[in-house]
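Laboratory data are not the source of any read-out in this text; all were calculated from the coordinates shown. Nothing here was measured: the structure is a model prediction, and the numbers come from that model. Here the Cβ is made from the backbone with ideal geometry for all residues, glycine too, and neighbour counts use every protein chain on show.
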Amino acid sequence: MSSGIIISTHSLVLQSVTRKQSGDYSCVATNSRGERASVPVNLRVRYAPVCRYDEITVIGASLDEVLKVRCQVSADPGEVTFVWQFNNSGDSFEVSPARFATSSGNVSELMYTPASQRDYGTLTCWGKNSIGRQQEPCVFQVVPAGELLL
């Protein structure tokens, strides 16, 4: 019971479900005459967007190089709106929606061009759906091309 799963003679109870428990569930009964399975029941757990990739993405770029920064989230429902932000040691601002596009509901692509040293810094991408706003952003560190850390 500590795992939040309770099985009784006629019931299955799932407590504190997360998106990882989404999927089809069915009951299988076995006796001396054979085995029989119930019709599967789909459990859909809706959740706010989360980054598809947990780690920070480091992008090396030259001045005036056009970057296509791709932000991917998982969410249910999958209709997601995005906000991009830029931050360096001196500036922090929201990126104009005219500079990015959303495709397939859960992907946003930002066209970003560092024009001066001040344009190197951190880009963050936040998704929002009808369930709520992403708790932790997707993070992209834009650095001068020769400074990639391996």
**Prompt:** Tell me, in nm to one decimal, what length is gained between residue 133 and residue 14 on full extension, where the rule is 0.36 nm per residue of separation less the Cα-Cα distance?
**Reply:** 40.3 nm
**Message:** What does the charge count around residue 126 come to, taking other residues whose C-beta lies under 11 Å from its C-beta (Lys +1, Arg +1, Asp -1, Glu -1)?
**Reply:** 0
**Prompt:** Any idea what the dipole of the chain comes to, in debye rounded to 20, about its Cα centre with Lys/Arg Cβ at +1 and Asp/Glu Cβ at -1?
**Reply:** 760 debye
**Item:** Matching label, volume of the Cα convex hull per residue in Å³ computed from the structure shown, candidates [x] 180; [y] 153; [z] 195
**Value:** [x]
**Request:** Find me the longest stretch of the chain that has none of the exposed trypsin sites (Lys or Arg not before Pro), where exposed means in a DSSP loop (not H, G, I, E or B) with at most 14 other Cβ atoms within 10 Å.
**Result:** 53-150
**Message:** With unit charges on the beta carbons (Lys and Arg positive, Asp and Glu negative) and the dipole taken about the Cα centre of the chain, which residue among 78, 146, 98 sits farthest to the positive side?
**Reply:** 78
**Message:** How far apart, in nanometres, would the label points at residue 7 and residue 93 be if each is projected 7 angstrom from Cα along the Cα-to-Cβ direction?
**Reply:** 5.9 nm
